[in-house]
Every structure is written in C-alpha cells, then in structure tokens.
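A short write-up of the structure that comes next.
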C-alpha cells in the first residue's frame with residue numbers, strides 16, 4: 001500500500017487534530033473520547049494490514065508504543081483497530097499528547113493529538 005494523503009477533520013486551537021480521514025475515505029483514525037474514555041481507533045475500508053502500531057508521546061516527551069490487530073467484527077468489510085488510552089498508556093498528567101499509527105508497507109499517519117486537563 002502506498003502513502004496516503006490524510007486530511008485533518010477536527011482541531012482545537014493550538015493542538016493537533018484528534019481525528020482525520022484520507023481523501024478517499026479508505027482510512028480514518030481518531031483519538032477521541034467515547035462515553036468519557038479516550039479511545040485510539042483506526043478504521044480501513046479493506047484489510048490493508050493485519051496489525052498496526054500506535055505510539056503516544058506524552059507532555060514530558062516520553063513515548064510509548066503498543067501493537068494492535070485489525071478486525072472486521074461486524075462482517076461489513078470495515079476493519080477496525082482500537083484500544084483504550086487509559087488501559088494501555090501511562091497518564092503523564094495534564095498537557096498535550098500526540099498520537100501516530102504505523103503499519104507494514106510503510107503506512108504511517110500524520111500526527112493526531114489530544115489535550116488532557
């Protein structure tokens with residue numbers, strides 16, 4: 001899979017966007033709150049890759065990466081990988097966090113982010 005052009009869809013003043021979709025809509029990612037909990041999610045319109053790596057850089061510049069797998073849980077052809085930020089990454093206190101996904105074949109997202117108060 002070649003490089004994808006990704007378009008930010010949401011941004012707060014002075015912060016990286018917390019979600020985006022590629023121009024084609026084939027790949028979307030987000031670092032949004034769902035029911036009050038931060039969820040890191042990537043979704044693809046086909047099984048472009050089996051697994052992915054997501055890295056979070058905290059306000060203190062420490063970086064932690066975790067691996068995840070893509071699944072088509074609804075059997076609808078949309079493959080999703082998601083994980084809870086609170087369960088899988090250390091809370092380094094208030095400030096700006098950056099998030100980036102990567103996968104085999106050179107796939108890499110633009111930087112997304114979120115702000116923890």
For this session: Look through 38, 66, 32 and report the one residue that is surrounded by fewer than 18 Cβ atoms within 10 Å (Cβ to Cβ), touching a helix residue (DSSP H, G or I) at 6+ places or on another chain (Cβ under 9 Å) and outside any loop (DSSP other than H, G, I, E, B).
Result: 66
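Listed here are the residues, each with its yes/no results for (1) in a strand (DSSP E or B); (2) surrounded by 12 or more Cβ atoms within 10 Å (Cβ to Cβ).
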| residue | (1), (2) |
| --- | --- |
| 52 | yes, yes |
| 74 | no, no |
| 77 | no, no |
| 92 | no, yes |
| 97 | yes, yes |
| 105 | no, no |
| 110 | no, yes |
| 113 | yes, yes |
Problem set entry | Single residue of region 79-90 satisfying the filter (touching a strand residue (DSSP E or B) at 6+ places or on another chain (Cβ under 7 Å) and either without any contact (Cβ under 8 Å) to a residue 12 or more places away in the chain or loosely packed, with under 13 Cβ neighbours inside 10 Å (or both)) that is nearest to residue 46 (Cα to Cα) | 84
Seminar exercise, completed: In region 54-63, residues that are loosely packed, with under 15 Cβ neighbours inside 10 Å and not in a loop (DSSP other than H, G, I, E, B) total 1
For this session: Report yes if some residue within region 7-29 is at pLDDT 95 or above and more than 19 Å from residue 113 (Cβ to Cβ); otherwise report no.
Result: no
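The values are calculated or read from the model by the stated rules, or taken from the named source; none is laboratory data. Computed from a predicted structure; not experimentally measured. Every residue, glycine as well, gets a Cβ built from its backbone with ideal geometry; the counts of neighbours run over all protein chains shown.
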